[in-house]
Amino acid sequence: MNQDPISSSENVTQLTLDARDNSSQLHLNLPVFLFFGVFTSCVWWIIFEYEKRAELITTGYFIILAFIGTLLLLRRNTIGALMLIAYLSVLQPALRAYSQILPYLALEYLVIFWAILILLLQLRRSSLSAPILFYGAYLLLELTGTFLSKNPNLMRGVLVPSLALGFTLLISTRVRIHSSQLNNVLTAYLIGAINLALLISLSYLSGASIHWGSDSNIDAAGGMGPNQIASLLGIGVIICIIFFEESDQTSKWLHLLPATWMAFLMMLTFSRTGLALVLIALLVYYGIFQPNRLRSFISLVMLSLLGALIFMQVVDITGRAAVNRYTDLSPTNRLDLARYGWQLFLNNPLFGVGTGNFHLYMESAAYFGQTSGAHNELIRAAAEHGIPGVIFWSGFAISSLWLAYQSAAGKARALRLLFLAVCFAYTFTSGLKLMTQPLLLLLAYSALLPEEPEEVDALWAYPTYREQEVN
């Protein structure tokens with residue numbers, strides 16, 4: 001018996017819609033995670049074990065990935081390159097620690113180069129948004145402020161990350177990241193976070209002597225900056241929670257295994273920034289996205305119990321030191337730096353002291369008494385660029401939040417606001433130090449917009465769904 005052609009057409013259309021519905025679900029790209037996760041973990045295990053060759057291996061590894069990313073961009077596979085940026089951004093402290101050959105800002109230079117390639121190769125573009133215009137004006141202040149700079153190295157250390165952020169924002173005018181693509185970018189970041197956790201775990205297994213005190217612990221962070229490590233692992237935990245909520249029941253609970261591992265190592269660093277980012281993300285994600293309040297409440301209770309169990313294990317290892325550290329709500333020196341930075345702004349309100357000069361002014365006995373960065377981009381903008389810096393940087397942050405809120409709804413709005421909240425929270429406590437921050441902004445501007453993905457040559461980058469014609 002012949003099938004009704006109209007019914008057949010309806011069935012095909014329904015199958016296509018179902019495929020799109022499934023593609024909109026955020027989930028771990030398991031093949032990519034397993035294959036590249038195992039491969040990259042082996043690379044970092046070799047780097048850790050062969051101490052005499054670690055610098056050369058790390059440098060060669062970075063150069064190879066940079067070359068692969070450039071080839072991907074020349075083939076117009078932007079998402080593949082973004083996956084590499086996500087992976088490298090979380091491993092940035094390890095690159096700096098294991099290779100003195102690479103420039104300290106090597107990843108920022110690479111991202112600026114890749115951004116220029118994307119702007120030249122991608123013909124599709126969207127209009128400049130208010131956040132980009134505000135930040136463009138702020139970058140002009142950064143550039144003109146270099147004429148007042150007293151130390152070229154300090155100036156470069158501030159200007160290059162700002163330029164990398166500016167170029168990343170420009171990429172958002174050429175890139176649209178859909179659900180399947182976002183899955184792969186987040187998976188790539190998670191692979192990097194697992195690699196980072198592996199390095200720290202190897203440090204523990206090698207018998208590293210760790211003294212648990214009242215401050216952040218560089219030894220517990222594998223010899224890398226504890227604030228950066230805790231924050232990067234915290235974002236990895238956040239990604240696991242997103243996948244946990246989005247995945248089906250069969251694989252749902254598997255995401256809590258890497259989340260538990262990373263959260264445990266994060267808390268052992270004694271840096272509270274990572275924990276703060278996780279709490280902010282939970283508040284934004286469950287407060288905005290989840291329509292089922294009962295389900296949200298149950299998820300929060302389960303995650304809270306898991307967090308309590310992890311903290312109990314941390315206390316077993318560190319003793320009373322962990323309790324003292326995580327119940328101490330004082331912001332260490334950051335509040336003093338913010339207060340002195342604001343005083344520096346009040347003393348130079350019109351044009352500020354110039355790009356990169358915050359460090360030098362803090363040496364004065366009238367201020368902090370030693371060289372230090374601002375650890376807060378808004379305070380630095382005020383001190384180094386005066387009233388225009390406050391206006392343009394604040395306009396950039398506020399318009400970013402407004403754009404994310406009004407240009408999307410439901411899950412898309414929640415995720416974009418989550419990325420912004422984590423990015424700005426880290427920027428207010430640590431300054432602009434890592435490429436992960438521009439990456440989060442790019443995801444907030446370009447992720448989950450209603451537009452079909454482009455077709456690319458690399459099959460592993462993301463799947464493409466098409467309408468099927470029925471005669």
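Things worth noting here:
- One residue stands out in the stretch 156-181 among those that are of a type in the set (D, E, K, R) and closer than 30 Å to residue 37 by Cα: the one that is surrounded by the most Cβ atoms within 10 Å (Cβ to Cβ), namely 176.
- Restricting 375, 359 to residues that are part of a loop (DSSP other than H, G, I, E, B) and in contact with a Ser or Thr (Cβ under 8 Å, 6 or more places away or on another chain) narrows the list to 375.
- Any chance residue 253 is more than 28 Å from residue 434 (Cα to Cα) and either without any contact (Cβ under 8 Å) to a residue 24 or more places away in the chain or not charged (D, E, K, R) (or both): yes
- Condition met for residue 280 (more than 22 Å from the chain's Cα centre (by Cα), β-branched (Val, Ile, Thr) and either within 20 Å of residue 321 (Cα to Cα) or surrounded by fewer than 21 Cβ atoms within 10 Å (Cβ to Cβ) (or both)): no
- Matching residues, the stretch 242-256, being surrounded by 21 or more Cβ atoms within 10 Å (Cβ to Cβ) and either within 16 Å of residue 415 (Cα to Cα) or among the hydrophobic types (A, V, I, L, M, F, W, C) (or both): 242, 243
- Residue check for residue 367: farther than 24 Å from residue 111 by Cα, among the aromatic types (Phe, Trp, Tyr) and either out of contact with any Cys (no Cβ under 7 Å at 6 or more places or on another chain) or assigned to a loop (DSSP other than H, G, I, E, B) (or both): yes
- None of 184, 153 is out of contact with any Pro (no Cβ under 9 Å at 6 or more places or on another chain), surrounded by fewer than 22 Cβ atoms within 10 Å (Cβ to Cβ) and among the polar types (S, T, N, Q) except 153.
- Residue 47 being crowded, with 17+ Cβ neighbours inside 10 Å, modelled with pLDDT of 90 or more, outside any loop (DSSP other than H, G, I, E, B) and over 21 Å from the mean Cα position of the chain (by Cα): yes
- Only one entry of 443, 415 meets the criterion of being at pLDDT 90 or above and surrounded by 21 or more Cβ atoms within 10 Å (Cβ to Cβ), and that entry is 443.
- Residue-level check: of (1) within 24 Å of the chain's Cα centre (by Cα); (2) more than 23 Å from residue 401 (Cβ to Cβ), residue 166 misses just (2).
- Whichever residue in the stretch 286-345 is part of a loop (DSSP other than H, G, I, E, B) and under 30 Å from residue 375 (Cα atoms) and, among such residues, is modelled with the highest pLDDT: 319
- Matching option when the condition is within 17 Å of residue 386 (Cα to Cα), crowded, with 16+ Cβ neighbours inside 10 Å and touching an Asp or Glu at 6+ places or on another chain (Cβ under 7 Å), among 341, 352, 356, 373: 352
Residues are listed down the side, and each one gets a yes or a no for (1) free of Cβ contacts under 8 Å to residues at least 60 places away in the same chain; (2) within 24 Å of residue 151 (Cα to Cα); (3) charged (D, E, K, R):
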| residue | (1), (2), (3) |
| --- | --- |
| 310 | yes, no, no |
| 321 | no, no, no |
| 340 | yes, yes, no |
| 389 | no, yes, no |
| 399 | no, no, no |
| 404 | yes, no, no |
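- Residue match in the stretch 142-149 (condition: surrounded by fewer than 22 Cβ atoms within 10 Å (Cβ to Cβ) and touching a Gly at 6+ places or on another chain (Cβ under 7 Å)): yes
- Test: residue in the stretch 377-394 that is hydrophobic (A, V, I, L, M, F, W, C) and more than 27 Å from the chain's Cα centre (by Cα): yes
- Selection status of residue 66, part of a helix (DSSP H, G or I) and out of contact with any Phe, Trp or Tyr (no Cβ under 8 Å at 6 or more places or on another chain): yes
- Residue that is nearest to residue 123 (Cα to Cα) [pool: residues in the stretch 196-210 that are touching a helix residue (DSSP H, G or I) at 6+ places or on another chain (Cβ under 9 Å) and surrounded by fewer than 22 Cβ atoms within 10 Å (Cβ to Cβ)]: 198
- Across the stretch 204-237, the qualifying residues are those that are over 23 Å from the mean Cα position of the chain (by Cα) and part of a helix (DSSP H, G or I), and the one among them that is nearest to residue 423 (Cα to Cα) is 204.
- Among residues of the stretch 238-279, those that are among the small types (Gly, Ala, Ser), in a helix (DSSP H, G or I) and within 19 Å of residue 186 (Cβ to Cβ), counted: 4
The values are calculated or read from the model by the stated rules, or taken from the named source; none is laboratory data. Just so it is clear, the model here is predicted, and its values are computed rather than measured. Every residue, glycine as well, gets a Cβ built from its backbone with ideal geometry; the counts of neighbours run over all protein chains shown.
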